[in-house]
Amino acid sequence: MTKLTEKQQKFADEYLQTLNAADAYRKAGYAAKTNATQRANASRLLTNANVSAYLATRLSELKLNEKMSQEEVIERLTNIARGTPTTTAFKRIDKTKRDDDGNPVIEYDTETTVAPDTGSQLQALEDLGKYYKLFTERQEINARVGPVTITDDIPDKGVDGDG
């Protein structure tokens, strides 16, 4: 694998943290006049052979496919409960355009920032409350037990069976 330039290295490392190529492109110090150009250039960087090989190696080292850690679950629930907005980049595949390898081109249409709705926030708060054992569930049970009758219906027989 050929060594990455300083900007490519910074881009790849930033991308691994957020998985947002346009954001990583900006943080790495690359400049472009428009957001669309940034997204397109960032997408191109992701397909660069050296950057792609580096990312594949780092991703396998990070084992991103393993289970989510307990800390990550709590952190994400906390962000939802607090209503922390998240940014999503919407992309589409343009099958009429091809890159140098003949693959369809991915184009990023828009980025949108969305805050969790009230229902999601309440659910996250409830889940966190259960995790931290903030709530005690009480169940009241009312039952009437009638008089107990014991019936001795076993015949009196001796140990050897002749009564």
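The values are calculated or read from the model by the stated rules, or taken from the named source; none is laboratory data. None of the values given here were measured: they were computed from a predicted structure. FYI the Cβ positions are ideal-geometry reconstructions off the backbone, even for glycines, and counts take in every protein chain you see.
Every condition in (1) more than 30 Å from GLU126 (Cα to Cα); (2) over 15 Å from the mean Cα position of the chain (by Cα); (3) not in a loop (DSSP other than H, G, I, E, B) holds for LEU16 except the one numbered (2). Of the helices (runs of 4 or more DSSP H) entirely within the range 25-98, those holding at least 1 residues that are touching a residue at least 60 places away in the same chain (Cβ under 8 Å) and aliphatic (A, V, I, L, M) occupy 35-47.
A count restricted to the range 1-58 and to residues that are among the hydrophobic types (A, V, I, L, M, F, W, C) and surrounded by fewer than 15 Cβ atoms within 10 Å (Cβ to Cβ) stands at 7.
When ARG82, ARG92, ARG58 are screened for being basic (Lys, Arg), in the same structural domain as TYR30 (by TED's automatic domain parsing), under 22 Å from ASN20 (Cβ atoms) and more than 16 Å from the chain's Cα centre (by Cα), only ARG58 passes.
Scanning the range 103-145 for residues that are among the hydrophobic types (A, V, I, L, M, F, W, C) and either more than 30 Å from GLN38 (Cβ to Cβ) or modelled with pLDDT under 80 (or both) turns up VAL105, ILE106, LEU122, ALA124, LEU125, LEU128, LEU134, PHE135, ILE141, ALA143, VAL145.
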